[in-house]
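Asks: Please see the structure below; I have some questions.
Read-outs throughout are calculated quantities, based only on the coordinates presented, and are distinct from any laboratory measurement. Just so we're clear, the structure is a prediction, and the values are computed from it rather than from any experiment. Using ideal geometry, Cβ is built from the backbone for each residue, glycine included, and neighbour counts are taken over all protein chains shown.
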Amino acid sequence: MSKAGSPGVERYVQQGREYLARRKEQRAEIRKAHFDTIAVHGMYSVAEAFAQGQGGIIEPIFPSTSQGYRDSDEMEAGLAYQIPTWCYSRIINPTNSFLEDTLSLLEAYGCPFDASAFCTSSGMAAIKQAVEPLLALPESGGHEVNFVSSAQVYGGTFQLFNVRMKERGAMVRWVAKPWENAEWERLVDERTRFLYTEMPSNPQQACSDLEALAKLAHRFQIPLIVDSTIATPALMRPLQHGADVVVHSLTKTIGSGGAAIGGAVIARHGLTSRHLAPEAREDYATWLKLWPGRDSGPCMSPFSAYFFLNEVRTLRIKVEWFSRNTMAVAGFLAGHPKVETVDYLGLKDHPLHGLASRYMRLVDSERPLFGHLLSFTVRGGAADARRFFDALQRIFRATDLGRIKSVATIPAISTHSQQGEEGRRLAGIPATMVRLCVGGEHADDIIKDLDQALNKT
């Protein structure tokens with residue numbers, strides 16, 4: 001039986017080093033390409049296609065649960081993480097790795113540093129995996145740990161932070177107005193483990209000054225985590241502005257076809273955290289995948305990864321298209337007598353338009369764009385909002401968003417119902433609010449459906 005350091009194991013370790021050196025060169029080369037080229041190819045080059053065996057021009061699906069090894073030496077090196085391996089699909093799968101390569105390249109696009117990604121079974125799994133290691137209690141018992149978050153976040157995130165994290169002894173401190181830096185300053189102290197914001201928020205369109213938050217977090221030697229699901233790297237790359245970690249529900253905008261559920265954690269190399277071990281800070285996303293993720297098992301299916309890979313290739317084109325449609329719809333709603341307020345960052349009279357314009361710009365362009373999500377309040381009461389909602393004929397009534405098809409919901413009775421009336425009041429979600437995710441239909445047809453439904457309230 002081979003032992004660690006034996007000639008057989010060392011031979012595989014040396015081969016692994018040579019492979020990683022080649023991949024490092026390939027990654028440096030693809031990082032020089034434009035965003036669309038990276039989105040289309042990722043790390044799956046012509047050479048990689050033939051290395052995988054058949055030369056297929058699209059990344060293959062690896063549905064196998066596990067990797068077979070040539071001999072005991074290779075198995076020993078693989079299970080000790082001494083060589084590149086996909087020993088078991090709960091930990092690593094080649095199809096998932098293709099997706100992780102592409103997402104990390106897109107989020108680090110234009111950055112002087114690199115990043116890595118860890119794909120998960122859902123967006124909520126990604127958030128949970130990203131924050132839990134940062135909230136480990138001191139071995140000595142010590143004092144309560146806390147983290148500071150925008151209150152204007154997705155309802156599932158609110159519940160995770162307000163209930164589940166509290167169950168494990170970590171207390172969330174809510175920022176009611178995340179665009180006001182002074183609110184964050186007031187809540188951070190030496191027991192704070194990270195800052196968390198969602199930009200733009202779902203459904204309220206809240207924004208934060210990412211550069212200011214990153215400076216605040218780093219002053220306390222803690223990371224800034226940003227949920228950038230709505231913007232995607234086609235409109236905003238938080239790592240460029242000082243963030244340490246980006247999380248996505250890939251189910252949404254990136255997976256606009258609506259055929260799969262998934263999430264992703266993308267972390268810059270060398271993130272800031274005085275609470276993590278050096279090996280975790282060096283490459284947080286990979287560390288999450290190989291250690292905490294291995295033990296808790298929030299793995300993405302390779303079939304889901306395959307769907308997302310083929311969706312992400314046209315990301316910039318779709319986001320630009322959806323944004324253009326949403327701007328037209330927001331303008332219509334802003335002028336409708338049955339609509340009381342419209343929250344869309346693209347409207348010039350929106351109080352956060354200027355702040356959003358600093359950060360949300362179409363990639364490889366200086367043109368501000370604001371995505372596919374808006375919310376508006378129906379004039380009257382909750383019953384009027386429901387009458388409008390029930391009268392929609394083309395727009396789907398669903399809790400989903402980021403679809404190629406336009407989708408609407410009433411957050412107070414759906415996505416944010418679980419956080420209760422007080423939590424909704426804190427987050428600014430009235431019973432008359434409708435969240436509308438504008439898809440790829442012609443804008444005139446979306447407007448026609450909205451108009452006929454509003455006229456029935």
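Asks: What dipole magnitude, in Debye to the nearest 20, does region 91-312 give about its Cα centre under +1 on Lys/Arg Cβ and -1 on Asp/Glu Cβ? Write down the numbers at each step before the final one.
Replies: Values: 18 positive and 23 negative charges, 68 e Å.
It comes to approximately 320 debye.
Asks: Let me check I've understood the local charge: for residue 194, count other residues with C-beta under 12 angstrom from its C-beta, Lys and Arg +1, Asp and Glu -1. What total comes out? Each step should come with its number before you reach the end.
Replies: Working: positive: 173, 191, 193, 274; negative: 132, 244.
Counting the neighbours of residue 194, the net charge comes to +2.
Asks: What pairs in 166/215; 128/405; 24/289 have C-alpha atoms more than 25 Å from each other? Kindly include the intermediate steps, with their values, before the conclusion.
Replies: On the way: 166/215 27 Å; 128/405 29 Å; 24/289 19 Å.
In this structure, 166/215; 128/405 exceed 25 Å between Cα atoms.
Asks: Then there is this: Could you derive backbone 3J(HN,Hα) for region 165-175 from the dihedral phi with the Karplus parameters 6.51, -1.76 and 1.60 (θ = phi - 60°), listing whole Hz in sequence and x where the residue is Gly or Pro?
Replies: 5, 5, 4, 9, x, 10, 9, 8, 10, 8, 9
Asks: Okay, next question. Please report the antiparallel percentage of DSSP beta bridges with both residues in the chain, rounded to the nearest 5.
Replies: Around 60 percent of the beta bridges assigned by DSSP in the chain are antiparallel ones.
Asks: With unit charges on the beta carbons (Lys and Arg positive, Asp and Glu negative) and the dipole taken about the Cα centre of region 34-180, which residue among 179, 125, 115 sits farthest to the positive side?
Replies: The residue sitting farthest along the positive end of the dipole is 179.
Asks: Here is a follow-up. Rounded to the nearest 5, what % of DSSP beta bridges with both residues in region 203-309 are antiparallel? Provide the component values of the computation, followed by the final result.
Replies: Working: 5 of 8 bridges.
Of those bridges, close to 60 percent are antiparallel.
Asks: Report, ordered by chain and residue number, the lysines lying within cross-link reach of residue 338, taken as a straight Cα distance under 18 Å and ignoring same-chain residues fewer than 8 apart.
Replies: Output for residue 338: 448, 456.
Asks: Mean projection of the alpha-carbon convex hull of region 249-330 over all orientations, in nm²? Can you show the working numbers first?
Replies: On the way: hull surface 29.9 nm².
Over every viewing direction, the Cα hull of region 249-330 projects on average to 7.5 nm².
Asks: Also, I was wondering about something else. Just the Cα atoms of the chain: what Rg and Dmax do they give in Å?
Replies: Gyration radius and largest Cα-Cα distance of the chain: 22.7, 80 Å.
Asks: May I pose another question? Could you give the spread of the C-alpha atoms of region 88-136 along their three principal axes, from largest to smallest, in whole angstroms?
Replies: Cα spread of region 88-136 along its principal axes, largest to smallest: 31, 27, 16 Å.
Asks: Would you calculate, for the chain, the mean residue ellipticity at 222 nm contributed by helices, counting each DSSP H stretch of 4 or more residues as -39,500 (n - 2.57) and dividing by all residues, to the nearest 500?
Replies: On the way: 19 runs with 178 residues, N = 457.
Rounded to the nearest 500, the figure is -11000 deg cm²/dmol.
Asks: Could you tell me which of 310, 437, 297 has its Cα farthest along the dipole of the chain towards the positive end, charges placed at Cβ (Lys, Arg +1; Asp, Glu -1), taken about the Cα centre?
Replies: 437
Asks: Now a separate question. Compute the acute angle (0 to 90°) between the alpha-carbon long axis of helix 302-312 and the principal axis of greatest extent of the alpha-carbon atoms of the chain; round to the nearest 10°.
Replies: 60
Asks: Shifting gears a bit: Using Cβ counts within 10 Å as a stand-in for footprinting exposure, how do 311, 198 rank, fewest first? Before the final figure, lay out the partial values.
Replies: Values: 311 22, 198 27.
In order of increasing Cβ crowding within 10 Å: 311, 198.
Asks: Which angle between 0 and 90 degrees, to the nearest 10, do you get for helix 210-219 versus the longest principal axis of the chain when only C-alpha atoms count?
Replies: Between the helix axis and the principal axis of the chain, the angle is about 50 degrees.
Asks: Separate question: Based on the Cα atoms of region 315-454, what semi-axes does the equivalent ellipsoid have, where each is the square root of 5 times one gyration tensor eigenvalue, given in whole Å with the largest first?
Replies: On the way: eigenvalues 112, 64, 41 Å².
Its equivalent ellipsoid spans semi-axes of 24, 18, 14 Å.
Asks: Something else about it: Can you pull the three principal axis extents for the Cα set of region 76-189, in Å, largest first?
Replies: For region 76-189, the Cα extents along the three principal axes come out at 48, 39, 28 Å.
Asks: Got a sec? How would 88, 284 order by Cβ neighbour count within 10 Å, fewest to most?
Replies: On the way: 88 16, 284 28.
Going from sparsest to densest Cβ surroundings: 88, 284.
Asks: Looking at region 91-312, what % of its DSSP beta bridges pair antiparallel, to the nearest 5? Please report the intermediate quantities before stating the final value.
Replies: Details: 12 of 28 bridges.
The antiparallel fraction comes to roughly 45 percent.
Asks: What Kirkwood hydrodynamic radius do you get for region 91-312 when you take the inverse of the mean 1/r over all pairs of distinct Cα atoms, in Å? Show your work: numbers first, answer last.
Replies: Details: mean 1/r = 0.0584 Å⁻¹.
About 17.1 Å, per the Kirkwood formula over Cα pairs.
Asks: Continuing with this model, one more query. Round to the nearest 10 and give me the degree value, 0 to 90, for the angle of helix 94-107's Cα axis relative to the longest principal axis of the chain.
Replies: So the helix axis and the longest Cα principal axis differ by about 60 degrees.
Asks: What size of dipole, in debye to the nearest 20, comes out for the chain about its Cα centre when the only charges are +1 on Lys and Arg C-beta atoms and -1 on Asp and Glu C-beta atoms? Before the final figure, lay out each step's value.
Replies: Working: 50 positive and 50 negative charges, 125 e Å.
Dipole of the chain, to the nearest 20 debye: 600 debye.
Asks: To continue, here is another question. Once phi is turned into ³J(HN,Hα) by the Karplus curve 6.51 cos²θ - 1.76 cosθ + 1.60 with θ = phi - 60°, what whole-Hz value does each residue of region 332-337 show in order, with x for glycine and proline?
Replies: 4, 4, 4, x, 8, x
Asks: Across 10 Å bins from 0, what is the distribution of all Cα-Cα pair distances for region 298-393, in whole percents?
Replies: It works out to 14, 33, 27, 22, 4, in whole percents.
Asks: In addition: Quick one: which residues, 5 or more positions from residue 193 or on another chain, have an amide H under 5 Å from its amide H? H modelled 1.01 Å from N in the peptide plane, none for Pro or chain starts.
Replies: 146, 147, 148
Asks: Continuing with the same structure: Please report 426, 137 as a ranked list, fewest other C-beta atoms within 10 angstrom at the top and most at the bottom. Each step should come with its number before you reach the end.
Replies: Working: 426 17, 137 13.
The fewest-first ordering by Cβ neighbours comes to 137, 426.
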